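Below is one structure, written out as C-alpha cells; the observations come after it.
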C-alpha cells in the first residue's frame, strides 16, 4: 500500500497524506490490524521530508 502526493496541488502535502490515510481506513483498504509503512520508508517513497510524514 502506497500513497500518492501531488506537489502541484493547492492542498498541503501533509493534508493530502492525512486524507489518504483516513480514506484508506474508512473504506476498509487499511484494516484495523494492518501496518502502514514506517515514517522513513514512506518519506523515501513519496520523496518528502520525514517530518512531514510524522
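Quick rundown of the values:
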read-out: FRET E, pair residue 13, residue 33, Förster distance 35 Å, beta-carbon r, rounded to 0.05; value: 0.80
read-out: Value of relative contact order over the chain, rounded to a whole percent, pairs C-alpha under 8 Å and six or more apart; value: 34 percent
read-out: Gyration tensor (Cα) of region 13-53, equivalent ellipsoid semi-axes in angstrom; value: 19, 12, 7
read-out: Ordering of 9-18, 39-48 by burial proxy (mean other Cβ atoms within 10 Å per residue, highest first); value: 39-48, 9-18
read-out: Tilt relative to the chain, helix 13-27 - C-alpha long axis, 0 to 90 degrees, to 10; value: 10 degrees
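Every number in this text was worked out from the coordinates using simple rules, so none of it is lab data. Everything quoted here is computed from the prediction, not taken from an experiment. A quick note on method: Cβ atoms are made from the backbone with ideal geometry, for glycine too, and the neighbour counts reach across all protein chains shown.
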